[in-house]
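Worksheet for the structure shown next.
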Amino acid sequence: MAGEEQPVPEDGSATSGPPPKKQGRFKNWLHGKNGWFARFARQDLHGFTPIISSKFVIMVYLLSGVVLLPLGIAILVASINVQEYRVRYDNAGVFAGLSNDQRQARVQAADDAGINVVVTVTPDEDMEPPIYVFYDLDSYYQNYRRYVRSLDSKQQGGENSTSSACSPQQYIGNDGRQPSLPNDGKVNPCGLIAWSNFNDTFTVSQNGLPIAIDDSDIAWRYDRDHLYGDQLAVNYNTEPSTRGGNTTTLPLDQSQHWMVWMRPTAAKTVRKLYGVIQVPLVADVPVRFSVRNKYNTYGFGGKKYLVLTENSWVGGKNDFLGILFIVLGGLAFLIAISFFVAYQLGVVKNRKFGNLADVSWNKVK
């Protein structure tokens with residue numbers, strides 16, 4: 001209470017407030033006077049310096065060879081056993097023997113109807129599902145920086161947005177805002193990637209029986225669930241005079257062929273998944289692909305391929321990874337043997353670690 005004298009400690013010192021709080025053990029270890037940050041600033045942290053002896057090096061290379069060589073053999077065998085067939089179709093049928101200019105004129109004259117061509121693939125062995133159908137576009141260079149940046153992620157996510165990065169495919173005909181058109185003429189989805197959407201179609205049959213191509217699960221799950229919004233396309237490749245490729249009547253988060261196309265390929269050759277065949281294909285019986293050829297790659301000399309392939313525990317057919325592991329494993333074994341002969345069999349003098357007599361200034365000249 002006011003007016004009362006405060007008790008004085010027996011040692012005569014005056015109190016100046018509550019006693020200081022003790023820091024927690026972790027906080028003291030991290031921020032204390034000799035904590036981690038303080039020792040880091042003083043460069044006083046404990047370090048690990050392994051002794052690189054000849055035995056240590058031999059064991060490291062030997063272990064690397066033991067891991068890499070069998071793994072490389074297993075990967076290579078799995079890749080070799082994958083059946084993959086690749087057939088070109090842009091020069092098939094009525095396009096055979098024509099120049100690229102003539103082929104381009106025919107595709108443009110056919111407009112959205114396209115021109116039907118037929119190619120066949122004959123499996124050497126029975127193919128078990130799932131069997132994947134891809135299309136390849138050679139010399140497409142979808143990794144070009146201006147092309148990759150030509151999109152509006154906010155717009156595709158469902159926001160009412162349009163970015164100048166989409167130009168020249170921001171508005172219909174690149175004519176700017178046009179109030180007489182839906183959405184003021186803004187293209188949704190805008191940009192060069194969406195504008196150039198692949199629009200060739202494929203149907204499959206074997207022994208005269210049609211085979212369904214399942215495209216219900218070809219896009220990334222993240223793209224379907226999070227990346228694209230539940231919205232319909234507006235002014236998207238609807239004008240024949242300015243159309244670059246396919247359009248879509250489905251909401252963007254349900255149009256899986258469109259979602260597959262919207263992920264640019266890093267290599268010059270574009271390979272995209274078109275669908276999956278869920279029934280087995282019989283060996284030595286031609287598989288007939290009827291292709292509606294609409295997509296114009298003739299202007300830049302691009303080639304179009306259809307790919308029929310299986311899968312393995314390491315993915316599709318690619319011998320490079322297995323060969324790389326085998327080569328690295330073989331080199332590791334070769335280095336381990338070289339070090340063993342050189343240092344353990346006495347070809348090279350193996351100086352004892354920590355022997356000061358071998359230091360240059362202690363040697364007798």
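Values computed for the structure shown
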{"quantity": "Residue 245 vs. criteria out of contact with any Gly (no Cβ under 8 Å at 6 or more places or on another chain), within 26 Å of residue 270 (Cβ to Cβ) and open to solvent by less than 20 Å² (accessible area, probe 1.4 Å)", "calculated": "yes"}
{"quantity": "The lone exception for residue 45 - which of (1) outside any helix (DSSP H, G or I); (2) within 30 Å of residue 292 (Cα to Cα); (3) at pLDDT below 95; (4) in contact with a helix residue (DSSP H, G or I) (Cβ under 6 Å, 6 or more places away or on another chain) it fails", "calculated": "(2)"}
{"quantity": "Residue in region 48-63 that is farther than 24 Å from residue 333 by Cα, surrounded by fewer than 17 Cβ atoms within 10 Å (Cβ to Cβ) and out of contact with any Phe, Trp or Tyr (no Cβ under 6 Å at 6 or more places or on another chain) present", "calculated": "yes"}
{"quantity": "Top-ranked residue in region 213-242 [being among the aromatic types (Phe, Trp, Tyr) and in a loop (DSSP other than H, G, I, E, B); ranked as surrounded by the fewest Cβ atoms within 10 Å (Cβ to Cβ)]", "calculated": "220"}
{"quantity": "Residue, modelled with the highest pLDDT, within region 248-271, restricted to residues that are farther than 21 Å from residue 296 by Cβ, touching a helix residue (DSSP H, G or I) at 6+ places or on another chain (Cβ under 7 Å) and open to solvent by less than 30 Å² (accessible area, probe 1.4 Å)", "calculated": "259"}
{"quantity": "Test: residue 196 is open to solvent by less than 20 Å² (accessible area, probe 1.4 Å), at pLDDT below 95 and hydroxyl-bearing (Ser, Thr, Tyr)", "calculated": "yes"}
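Let's see how each residue does on (1) without any contact (Cβ under 8 Å) to a residue 60 or more places away in the chain; (2) open to solvent by 80 Å² or more (accessible area, probe 1.4 Å):
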| position | (1), (2) |
| --- | --- |
| 314 | no, no |
| 320 | yes, yes |
| 324 | no, no |
| 330 | no, no |
| 334 | yes, yes |
| 338 | yes, no |
| 344 | no, no |
| 347 | yes, yes |
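The values are calculated or read from the model by the stated rules, or taken from the named source; none is laboratory data. Predicted model only: the values in this text are computed from it and were never measured. Cβ: placed from backbone, ideal geometry, glycine included. Neighbour counts: every protein chain shown. These accessible areas exclude ligands, DNA and RNA; they are computed on the full protein's heavy atoms, side chains included. Shrake-Rupley method; radii C 1.70, N 1.55, O 1.52, S 1.80 Å.
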